[in-house]
1. Evaluate the stretch 65-81: report whether one residue or more is surrounded by 11 or more Cβ atoms within 10 Å (Cβ to Cβ), modelled with pLDDT under 90, not basic (Lys, Arg) and not in a loop (DSSP other than H, G, I, E, B).
2. Six or more apart or on different chains, Cβ under 8 Å: which pairs go from a residue in the stretch 32-61 that's surrounded by fewer than 13 Cβ atoms within 10 Å (Cβ to Cβ) and outside any helix (DSSP H, G or I) to one that's modelled with pLDDT under 90 and among the hydroxyl-bearing types (Ser, Thr, Tyr)? Could you list them?
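The values are calculated or read from the model by the stated rules, or taken from the named source; none is laboratory data. Treat the numbers as computed from the prediction; the structure is a model and nothing was measured. Cβ placement follows ideal geometry from the backbone for every residue including glycine, while neighbour counts extend to all protein chains displayed.
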Amino acid sequence: MKRKFTVIFIIILAGCTNNPHTTVSNVNSKSSDSEEFDKFLTKFNNDSVFQISNIKFPFLIESYEMGDNGEDIPVQEFIDRTEWNIINLQYKDDYRHSKVDAYTQEIK
(Lines give C-alpha, C1' and ligand atoms only; values in the text may rest on other atoms or scores of the structure.)
Protein backbone atom coordinates (compact mmCIF):
# COMPACT_ATOMS: atom_id res chain seq x y z
CA MET A 1 0.00 0.00 0.00
CA LYS A 2 2.83 2.39 0.88
CA ARG A 3 4.62 1.77 -2.41
CA LYS A 4 1.45 2.32 -4.46
CA PHE A 5 0.68 5.60 -2.64
CA THR A 6 4.27 6.80 -3.10
CA VAL A 7 4.24 5.96 -6.82
CA ILE A 8 0.90 7.71 -7.32
CA PHE A 9 2.05 10.77 -5.36
CA ILE A 10 5.23 11.07 -7.45
CA ILE A 11 3.28 10.65 -10.68
CA ILE A 12 0.81 13.33 -9.62
CA LEU A 13 3.56 15.82 -8.91
CA ALA A 14 5.29 14.96 -12.19
CA GLY A 15 2.01 15.34 -14.07
CA CYS A 16 1.37 18.87 -12.86
CA THR A 17 1.86 21.44 -15.57
CA ASN A 18 4.84 23.74 -15.43
CA ASN A 19 4.88 27.37 -16.39
CA PRO A 20 7.54 27.65 -19.16
CA HIS A 21 8.17 31.29 -18.22
CA THR A 22 9.20 30.53 -14.65
CA THR A 23 12.85 31.23 -13.94
CA VAL A 24 15.00 30.95 -10.87
CA SER A 25 15.83 34.47 -9.82
CA ASN A 26 17.71 33.76 -6.62
CA VAL A 27 19.29 30.48 -5.56
CA ASN A 28 18.98 31.48 -1.90
CA SER A 29 15.23 31.97 -2.07
CA LYS A 30 14.35 28.53 -0.68
CA SER A 31 11.93 29.94 1.87
CA SER A 32 9.98 31.87 -0.76
CA ASP A 33 9.97 28.82 -3.03
CA SER A 34 8.68 26.76 -0.14
CA GLU A 35 5.98 29.33 0.57
CA GLU A 36 4.97 29.38 -3.10
CA PHE A 37 4.76 25.59 -3.15
CA ASP A 38 2.70 25.60 0.04
CA LYS A 39 0.27 28.08 -1.56
CA PHE A 40 0.08 25.94 -4.70
CA LEU A 41 -0.48 22.73 -2.72
CA THR A 42 -3.18 24.32 -0.56
CA LYS A 43 -5.02 25.57 -3.63
CA PHE A 44 -4.49 22.23 -5.41
CA ASN A 45 -6.05 20.38 -2.45
CA ASN A 46 -9.01 22.73 -2.01
CA ASP A 47 -9.94 23.94 -5.50
CA SER A 48 -11.16 21.21 -7.86
CA VAL A 49 -11.08 23.49 -10.93
CA PHE A 50 -7.48 24.49 -10.14
CA GLN A 51 -6.54 20.85 -9.62
CA ILE A 52 -8.00 19.74 -12.97
CA SER A 53 -6.36 22.66 -14.78
CA ASN A 54 -2.92 21.71 -13.42
CA ILE A 55 -2.90 18.06 -14.48
CA LYS A 56 -1.94 16.87 -17.95
CA PHE A 57 -4.42 14.37 -19.33
CA PRO A 58 -4.48 11.54 -20.14
CA PHE A 59 -2.94 10.88 -16.76
CA LEU A 60 -0.68 7.84 -16.49
CA ILE A 61 -0.76 5.77 -13.32
CA GLU A 62 2.04 3.29 -12.92
CA SER A 63 1.77 0.75 -10.15
CA TYR A 64 2.96 -2.76 -9.42
CA GLU A 65 1.20 -6.03 -8.81
CA MET A 66 2.80 -9.07 -7.27
CA GLY A 67 3.22 -11.96 -9.69
CA ASP A 68 2.81 -15.63 -8.91
CA ASN A 69 6.49 -15.97 -8.03
CA GLY A 70 6.58 -12.86 -5.84
CA GLU A 71 8.06 -10.61 -8.53
CA ASP A 72 6.81 -7.08 -9.13
CA ILE A 73 4.90 -6.71 -12.38
CA PRO A 74 4.48 -3.11 -13.66
CA VAL A 75 0.93 -2.08 -14.51
CA GLN A 76 -0.01 1.06 -16.46
CA GLU A 77 -3.42 2.72 -16.56
CA PHE A 78 -4.46 5.93 -18.29
CA ILE A 79 -7.15 8.16 -16.80
CA ASP A 80 -8.82 10.92 -18.78
CA ARG A 81 -10.33 14.11 -17.38
CA THR A 82 -13.81 12.61 -16.97
CA GLU A 83 -12.49 9.70 -14.88
CA TRP A 84 -10.38 11.85 -12.54
CA ASN A 85 -11.36 11.88 -8.87
CA ILE A 86 -10.40 15.01 -6.96
CA ILE A 87 -7.72 14.18 -4.40
CA ASN A 88 -6.32 15.83 -1.31
CA LEU A 89 -2.59 15.40 -0.77
CA GLN A 90 -2.63 17.03 2.65
CA TYR A 91 -0.70 15.10 5.30
CA LYS A 92 -2.19 15.02 8.76
CA ASP A 93 0.08 14.25 11.69
CA ASP A 94 -2.29 11.64 13.08
CA TYR A 95 -1.60 9.43 10.02
CA ARG A 96 1.66 8.27 11.60
CA HIS A 97 -0.27 6.87 14.59
CA SER A 98 -2.81 4.95 12.53
CA LYS A 99 -3.04 1.23 13.32
CA VAL A 100 -3.44 0.46 9.60
CA ASP A 101 -1.08 1.87 6.94
CA ALA A 102 0.74 4.22 9.32
CA TYR A 103 3.31 6.34 7.51
CA THR A 104 5.25 9.55 7.70
CA GLN A 105 5.80 12.12 4.97
CA GLU A 106 8.77 14.34 4.33
CA ILE A 107 8.98 16.81 1.45
CA LYS A 108 12.50 17.92 0.59
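1. no
2. Hits for this filter: LYS56/THR17.
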